[in-house]
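Worksheet: the structure to be examined is printed underneath.
The values are calculated or read from the model by the stated rules, or taken from the named source; none is laboratory data. Only a predicted model underlies this, so the values are computations on that prediction, with no experimental measurement involved. Don't worry about glycine lacking a Cβ; one is built from the backbone with ideal geometry, like all the others, and counts go over all protein chains shown. SASA here: full protein model, heavy atoms, side chains in, ligands and nucleic acids out. Shrake-Rupley method; radii C 1.70, N 1.55, O 1.52, S 1.80 Å.
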Amino acid sequence: MFDGLLSLHPVVLALLATGFTWFCTAFGAGFVFFFRTVPRPVFNAMLGFASGIMIAASFWSLLLPSIELSENAGQLAWFHVSFGFLSGGLSLYALHKLLPHLHVGLEENRLEGGKSSFQRSLLLILAITLHNLPEGLAVGVAFGALGDGFTYDALMAAIVVAFGIGIQNIPEGAAVSIPLLREGYSAKKSFWYGQLSGFVEPIGGLLGAALVFYVESILPFALSFAAGAMIFVVVEELIPESHTGKETEMSTLGAMFGFVLMMALDVGLG
């Protein structure tokens, strides 16, 4: 099986991997056919779990390899990685300021970004789409890095990133579709828009993989850029959303379990 994967072009692998993460988003969105609501503690735990996975993936799968690559190239690692990390975070900050969206899961109707006449449901979709962009980029960069050394270990490391992002996409898919159902959409429409929020991941994956594969010198920057973008999403969106209601301990426990799971996968397999 792995021999067959090693024979594929890294950009093709990135497309397959982000197709998997998109499928996971659709799987989570499918919860709308079985549940009309999610208990607040469960919702908090789901978002916390997603946060833990993204934080662990940002370090072990993106920042650490970026540091190692910079050092091996004789570069000033701390500067290059810091610059890439801040560039990723500030890029997401700019998108958040420009694109109108709602924080999914917050009880108050807090609009962020530019002024908009969009319906609340569309603003919810835009919020998760913003989440998924850096995730797709991270997966794409991980597979695009295979062009720098196409080995079994490198492939496993990229697969771990895709698997971790896919797992945390499941609660994010549910976080879109179920609120849409409460907004008055049918279950089918709620599912459709929920899974559609993950469509940006294959786009980001293809862009990230192609850019890194054909311009290998930017790999350390691209890895740290993706990490910065994901950490911005975690701190700006997921953690605040997971700490609503009275039982916030569930979000903390979810984050810890998500972090440990991704760390174990990355250290054990990657």
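Just need a number here: residues in segment 31-51 that are open to solvent by 10 Å² or more (accessible area, probe 1.4 Å) and part of a helix (DSSP H, G or I).
Matching residues across segment 31-51 total 9.
Residue-by-condition table, conditions (1) under 23 Å from residue 242 (Cα atoms); (2) touching a helix residue (DSSP H, G or I) at 6+ places or on another chain (Cβ under 6 Å):
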site	(1), (2)
41	yes, yes
61	no, yes
67	no, yes
76	no, no
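Could you go through segment 130-142 and let me know if any residue there is on the phi < 0 side of the Ramachandran plot, at pLDDT below 90 and surrounded by fewer than 24 Cβ atoms within 10 Å (Cβ to Cβ).
Yes, segment 130-142 contains a residue that is on the phi < 0 side of the Ramachandran plot, at pLDDT below 90 and surrounded by fewer than 24 Cβ atoms within 10 Å (Cβ to Cβ).
Please give the number of the condition residue 54 fails out of (1) at pLDDT 80 or above; (2) under 19 Å from the mean Cα position of the chain (by Cα); (3) under 23 Å from residue 141 (Cβ atoms); (4) open to solvent by 10 Å² or more (accessible area, probe 1.4 Å).
Going through (1) at pLDDT 80 or above; (2) under 19 Å from the mean Cα position of the chain (by Cα); (3) under 23 Å from residue 141 (Cβ atoms); (4) open to solvent by 10 Å² or more (accessible area, probe 1.4 Å) one by one, residue 54 breaks only (4).
State all residues of segment 160-191 that are in contact (Cβ under 8 Å) with a residue 24 or more places away in the chain, among the charged types (D, E, K, R), in a helix (DSSP H, G or I) and surrounded by fewer than 22 Cβ atoms within 10 Å (Cβ to Cβ); if no residue qualifies, say none.
The one that is in contact (Cβ under 8 Å) with a residue 24 or more places away in the chain, among the charged types (D, E, K, R), in a helix (DSSP H, G or I) and surrounded by fewer than 22 Cβ atoms within 10 Å (Cβ to Cβ): 182.
Take residue 217 and decide whether it is open to solvent by 10 Å² or more (accessible area, probe 1.4 Å) and either more than 26 Å from residue 10 (Cβ to Cβ) or not aromatic (Phe, Trp, Tyr) (or both).
Yes, satisfied.
Assuming residue 154 fulfils every condition listed in (1) in contact (Cβ under 8 Å) with a residue 12 or more places away in the chain; (2) small (Gly, Ala, Ser); (3) over 20 Å from residue 196 (Cα atoms) apart from one, which condition is it?
(1)
Looking only at residues that are at pLDDT below 90 and open to solvent by 50 Å² or more (accessible area, probe 1.4 Å) in segment 72-90, which one is farthest from the chain's Cα centre (by Cα)?
Ranking the qualifying residues of segment 72-90, first place goes to 74.
Being within 23 Å of residue 265 (Cβ to Cβ) and not β-branched (Val, Ile, Thr) narrows it down to one residue among 45, 77; which is it?
After ruling out the rest, the residue left standing is 45.
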